[in-house]
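Here the structure comes first, spelled out in structure tokens, and everything after it is commentary.
The values are calculated or read from the model by the stated rules, or taken from the named source; none is laboratory data. Note that the structure is predicted; figures quoted are calculated from it, not measured. Positions of Cβ are generated from backbone atoms using ideal geometry, with glycine treated the same way; all protein chains shown enter the neighbour counts.
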Protein chains: 2
Amino acid sequence: MLSCPHMIQKSIRIRDIALKAGVSEGTVDRVIHNRGKVSATAAKKVQQVLAKLNYKPNLIARTLGKNKTYRIAALIPDHTYDDYWRQSYDGIKLGEMQLAQFGIHFSVEPYFFNMHRKESYLESSLKLFHSKPDGVLVAPLFFYASKPFFKKLSEKHIPFILINTQLQEVGALSFIGQDLFQSGRLAAELISYGLTASRTFAILHIEEDLENSVHLQEKERGFKEYLNQYNKPQKHDVKSFVLDAPKSNSFISQLKEVIALQNLAGVFISTSKGYSVASFIKQSVPYIRIIGYDLIKENLACLQNGTLDFLINQNPMRQAKLGIQTLANHLIFKKDPPPLHLFPLEIITPQNVSTYLSHEGNQSGISI
Amino acid sequence: MLSCPHMIQKSIRIRDIALKAGVSEGTVDRVIHNRGKVSATAAKKVQQVLAKLNYKPNLIARTLGKNKTYRIAALIPDHTYDDYWRQSYDGIKLGEMQLAQFGIHFSVEPYFFNMHRKESYLESSLKLFHSKPDGVLVAPLFFYASKPFFKKLSEKHIPFILINTQLQEVGALSFIGQDLFQSGRLAAELISYGLTASRTFAILHIEEDLENSVHLQEKERGFKEYLNQYNKPQKHDVKSFVLDAPKSNSFISQLKEVIALQNLAGVFISTSKGYSVASFIKQSVPYIRIIGYDLIKENLACLQNGTLDFLINQNPMRQAKLGIQTLANHLIFKKDPPPLHLFPLEIITPQNVSTYLSHEGNQSGISI
DNA sequence: ATGAAAGCGCTAACAC
DNA sequence: GTGTTAGCGCTTTCAT
């Protein structure tokens, strides 16, 4: 007797539970939220009725009564630094806005840090901690600097959500982002698609400290693994490079080293900095394939003019927005998220890029 | 003076408007909803205050008071027929469930039809109409049979939303789906990626009445246009085929005609039936590229074993779920959707398919 | 430990 | 036309 189509059963309320259990609504509420001050007998009785009637709280009614404003803190790279993190910040603002629409008071206070300076990350994380937020969203770009921060949050029982970079076993409520190893494999698949001979490929880390960056290591590992897969007829070769900042003096000479590689068929840039090398490489090596990350405006231009072939979209905006929503669901609705929310690995080409741009953030209202 | 970060302003309520305007809450409500029975002067005053205070209704509070159960009707192909429409139906149920979580009473009544029989579509549409639903979701696979149906819905002021197939100027509240022309272009881009010589490509419509199917015509148009683009060095050739049902006697001989094409480099199947031809073609023609549609289970197997190279995901589940949510937003929150909600054209490969499968429908709570 | 009751912001029914 | 009021389901406070 699961459901009988034409019979719309009214949803059962706390009052119904109270009546059936022979107690007051207040008692039922106390049981539901484990607030204590309930006799063992009453508690048991209520639990039974709750289970029997299969009580599901009305989440909308739940929020109405609350007039607390939840304070969320976000620890993310400075959004003036690059377009990727600007999109992330936009996602936060969007999430905040949409919650406001539903009368949920959720103020998000950003704490920015310089994405290339660990000290800046540390400093901002301290400031954040002292603000005693109700929940935290963080892009933990620095692994070792993060550990004590997360420990303190855990001690204070402040829930925190990771975006962008997954750190294992730090006590996070949830990680929201991509499977970076698989992301590297995908890049390898695309860059070698349809090639019948053995070739050489380069992976470029631009202006990054590879040792400190778990996420880039993961991408590289996946990339290499796919290209050297046991069951492939071709034996491909992969070279890894760490380049200085595009504006540095050494940059061009480093790039020349890359394009001088024998039999080079493709270049994979592990971050969103693909635009800074794409046109130079494409002009130097005929038929070369170039793959990068993210729909930032500089990359879009490269996609249009054909210097970048594919982009993998990490969707920073959606990651951040979902992070805020997840915190809201946890704090207000007491809905716990899965520990891992892995986003699909979206492949962007000149022919589908427009469909991704128009689609971003245009949803609103009650939803998935 | 847009916003001052640390100052959390309490959201303004109908009562605030009423006080400022020197009228009662009831009057304000009447103005907001154009219910009439308000003097011109009062109305004007209220409008002014509304604008000045930038009133945004609390959507959550709005639903609480309602105890009406909205009845939605969905006109979709029989979900037992194929996996694509099963996913669509799952999306409907998911949307319904999530609304229920928020205490919104939305019952969705499905009206199924045989996707190959226009009469069945007509018949179901009539039944649906007589049930006098509050809103309608429809996959209008038959263009001409749809016209009078939509006319009647419009006359009765019953809002309806189109999914899957876009029909112009029929008075729909919104269309949710993909840009099918662009979808064809994308397939062409992928199927010709990296090829340096002029080649031949085939587009296959399996068990479909091409004349009646606007959506397939659009895909074909996009596919051809891209491959014959003026600025390409190669002059590719495209042949179009309409095949009978895979279980028919003629099927194999028709397929043989396809693979006999000179210089054939790729095959594009316009529907989710790619699995029915992929392995045969792949075995017959070396290095051929095959592209199809949708993450139905038969296609997934082909992706895994390498007989299908790419899939374009139409995401029927998300289309349907969003359709239900959009109807809810319209009927309850009076939020009007954009007339066109175009989904991104998602490219699926063996390396990213798993990330799409795990991601489906695992979001819940207040959200985008 | 328990119950009664006052809201949360909005809607709708009912007086005037 | 306009104002008043009783809920919607849940939370929270305040007596008991």
Which ones in region A:13-35 are over 37 Å from the mean Cα position of the chain (by Cα), outside any helix (DSSP H, G or I) and within 13 Å of DNA strand D (Cβ to nearest atom)? A:VAL23, A:SER24
Could you tell me whether region B:309-318 includes any residue that is under 19 Å from the mean Cα position of the chain (by Cα) and more than 27 Å from B:SER358 (Cβ to Cβ)? no
Assess whether A:HIS236 counts as being more than 14 Å from chain B (Cβ to nearest Cβ), more than 30 Å from the chain's Cα centre (by Cα) and within 27 Å of B:GLN351 (Cα to Cα). yes
Looking only at region A:194-215, which residues are modelled with pLDDT of 95 or more and either in contact with a Cys (Cβ under 7 Å, 6 or more places away or on another chain) or buried (at least 18 other Cβ atoms within 10 Å of the Cβ) (or both)? A:ARG199, A:PHE201, A:ALA202, A:ILE203, A:LEU204, A:HIS205, A:ILE206
Can you pull out every residue in region A:68-101 that is of a type outside the set (Ser, Thr, Tyr), in contact with a helix residue (DSSP H, G or I) (Cβ under 8 Å, 6 or more places away or on another chain) and free of Cβ contacts under 8 Å to residues at least 60 places away in the same chain? A:ASP78, A:HIS79
Just for strands (runs of 3 or more DSSP E) wholly inside region B:63-140: which have at least 2 residues that are away from chain A (no Cβ under 14 Å), at pLDDT 95 or above and crowded, with 22+ Cβ neighbours inside 10 Å? B:70-77, B:135-138
For region B:28-60, which positions are under 22 Å from A:GLY103 (Cα atoms) and near DNA strand C (Cβ under 9 Å from one of its atoms)? B:VAL28, B:ASP29, B:ARG30, B:ILE32, B:HIS33, B:TYR55, B:LYS56, B:PRO57, B:ASN58, B:LEU59, B:ILE60
Residues that are surrounded by fewer than 17 Cβ atoms within 10 Å (Cβ to Cβ) and either assigned by TED's automatic domain parsing to the domain that holds A:VAL136 or under 21 Å from B:GLY194 (Cα atoms) (or both): does region A:243-258 have at least one? no
Log entry, pairs with first residue in region A:52-66 being touching a residue at least 40 places away in the same chain (Cβ under 8 Å), second being near DNA strand D (Cβ under 6 Å from one of its atoms), beta carbons closer than 6 Å, six or more apart or on different chains, reads A:ASN58/B:GLY103
Every residue from region B:219-251 that is in a helix (DSSP H, G or I) and either aliphatic (A, V, I, L, M) or in contact with a Pro (Cβ under 7 Å, 6 or more places away or on another chain) (or both): B:LEU227
Selection from region A:72-107 of residues within 30 Å of B:ILE104 (Cα to Cα) and among the basic types (Lys, Arg) yields A:LYS93
Of the candidates A:ILE296, A:ILE347, A:ILE324, A:ILE332, the one satisfying the condition of being within 19 Å of the chain's Cα centre (by Cα), in the same structural domain as A:GLU96 (by TED's automatic domain parsing) and on the phi < 0 side of the Ramachandran plot is A:ILE324
